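The values are calculated or read from the model by the stated rules, or taken from the named source; none is laboratory data. Worth saying up front: this structure is predicted, and the values here are computed from it rather than measured. We place every Cβ from the backbone using ideal geometry, glycine too, and count neighbours over all the protein chains shown. Please note that ligands, DNA and RNA were not included when accessible areas were found on the heavy atoms of the full protein model with its side chains. Shrake-Rupley method; radii C 1.70, N 1.55, O 1.52, S 1.80 Å.
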Amino acid sequence: PVICLVYIGFLQNSLPVMLGSAAVGGLLAGPALAGMYDTVLRALRDEAGYWWVTYRRAWKRNAKAALLPGAICGLLLATEIFTAFHTETGSVAVMVAIFVALILLAGIAQYLYAQVALVDLPFSSLLKNSLMLFLGYLPRSALGILWQGLYWAAIALFWPLSGAVLILTSLWFPCSLSLLAIYPALNKSFDLEAKIKAMRDAQLDSHDED
């Protein structure tokens, strides 16, 4: 649905229509992405449970907090795509600026949605933390972006043969690769492993008392 909305706006050849479509698409995508990040993070920590049950629970818990990040990321992505396709051939400076903007968006978004899944903070704090994490752990941020770039480049290069792979791997596979790269940064910044261990110990203690 998100891709269809953005594509409809693109076919209209109108930036306002495309931005409106992207905003609506982003509102739909935000909770879905937050749920996916939550589910993948739990899978990487080898938590017990069925992924679909985990995803539905994460979607409900993070849906409200993910609406604004989804809409803003959708607007920025649509603006960059529209600008890229309507830039005159030979405008190297503009294309470089768009490429840098896409890298920044991908790099900050990976921390943004991970935080929506992990912590309860207002959007301004999430955005500030995402920028600080992106710059503070630049090698890991770059690795996360590289994995995503290689994945989508391979999908585009071998299309339409890669269509079957895309159906199977969708967004969860590049998300997993990205989180593998940046998880140490998230753990160091938010002390995730210690908090998770404390929660598990508390649950075990409650079971023992029962």
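If R0 is 25 Å, the Cβ-Cβ spacing of residue 101 and residue 146 corresponds to a FRET efficiency of close to 0.90.
Pulled fully out, how much extra length does the chain show between residue 8 and residue 120, if you take 0.36 nm times their separation in residues and subtract their Cα-Cα distance? Don't jump to the answer; show the numbers that get you there.
On the way: separation 112, 0.36 × 112 = 40.32 nm, distance 3.42 nm.
Gain on extension, residue 8 to residue 120, equals 36.9 nm.
Rolling a 1.4 Å probe over the protein chains gives residue 4 an accessible area of about 80 Å². Between residue 15 and residue 46, the simple label model (points 7 Å from Cα in the Cβ direction) yields a spacing of 5.1 nm.
Between 0 and 90 degrees, the angle of helix 123-136 with respect to the longest Cα principal axis of the chain falls at about 80 degrees.
Computed from Cα atoms, the angle from the helix 15-44 axis to the main principal axis of the chain rounds to 30 degrees. Shape of segment 1-61 from its Cα gyration tensor (a ≥ b ≥ c, root eigenvalues): rounded if a/c is under 1.5, otherwise prolate when a/b > b/c, or oblate? It comes out prolate by the Cα gyration axes. Leaving out ligands, DNA and RNA, and with a 1.4 Å probe, what % of the accessible surface on the chain is carbon or sulfur? Roughly 71 percent of what the probe reaches on the chain is carbon or sulfur.
Using a Gaussian network model of the chain in which every pair of alpha carbons under 10 angstrom is joined by a spring, one finds that among 60, 128, 188 the greatest mean-square fluctuation is at 188. If a spin label sat at a point 7 angstrom from the Cα of residue 83 along the line to its beta carbon, the backbone N atoms of segment 123-156 nearer than 19 Å would be those of 131. Computed on protein heavy atoms with a 1.4 Å probe, the accessible areas place 36, 18, 132, 95 in the order 132, 95, 36, 18, largest first. Accessible surface computed residue by residue for the chain, with neighbouring protein chains in place and a 1.4 Å probe, gives 60 Å² per residue.
All Cα-Cα distances of the chain, cut into 10 Å bins from zero to the largest, leave 8, 29, 38, 17, 6, 2, 0, 0 percent in each bin in turn. Angle, helix 172-190 long axis vs. longest principal axis of the chain, Cα atoms, 0 to 90°, nearest 10? Approximately 60 degrees, to the nearest 10.
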